[in-house]
Amino acid sequence: MPSQTALVLFSGGQDSATCLAWALARYERVETIGFDYGQRHIVELTVRPAVLQKTREMSADWNARLREDHMIDLSVLGEISDTALTSNVAIAMQANGLPNTFVPGRNLLFLTIAATVAYRRGLNVLVGGMCETDYSGYPDCRDETMKAMEKALQLGMATPMAIATPLMWIDKAATWKLAEDLGGAALVEMIRTETHTCYLGERGALHEWGHGCGHCPACQLRARGYAQYRGAVNPEGITGTSQEPGG
Ligand code: ZN
């Protein structure tokens, strides 16, 4: 039985930083992969090295397990798709019920490229932050899509490659709690202050829940989840996203 080793799809956001900690707690060798696909703001990619470095500093074990980072140029995705993540248009809901931040096929492409890298590197689990619970209904985040993708990769590459999605059935508040379980308050604080989630790429002020514009769907989701997480940790504390923490 080969040892379990993992390649984490790592964007520098809250979800993928939590997935990285999850993988470091489980696998003896963990590598990371990121994609530059012409995101209209590059800030997400610029925070990656800092989040990786801070993750290393969390634990000697994690530092030993965390190995190479792979950055892949997928600018072709920006050339062939026209969405609010790759073009300078306002974020809006489309007639098909999907927000125009949806990049068709993005996760399928990411997983295929990641599997190619993992195959070459001898890694047997792909870890991604896909989530059905409180996302915008992106069809390529669905568990069924991941199961089908895993099957396609196993057949097409003749390898027992697995896809692990630790956030699939939990909401944003539970994602913060998972980070706490994995790395304590220090990991929560690192994710709060270092990771980036905002669709508009605003770094801006440090809010209670982290950096970001505070208005886009990604910021609102992150802020609401953090408030719920803090409320659960300390029911006497904050009760909404608009209030300051109580002490
Ligand atoms: Zn934002």
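No lab work stands behind these numbers, since they all come straight from the coordinates. Remember, predicted model here, so these are calculated numbers, not experimental data. Note: ideal-geometry Cβ built from the backbone for every residue, glycine included; neighbour counts use all protein chains shown.
Observations on the model:
- Using a Förster distance of 22 Å, the FRET efficiency for Arg203-Asp69 (Cβ separation, nearest 0.05): 0.55
- For the stretch 179-219, the equivalent ellipsoid derived from the alpha-carbon gyration tensor has semi-axes of 21, 9, 7 Å in decreasing order.
- Cross-link reach list, aspartates and glutamates versus Lys147, counting only Cα pairs under 14 Å and skipping chain neighbours closer than eight places: Glu132
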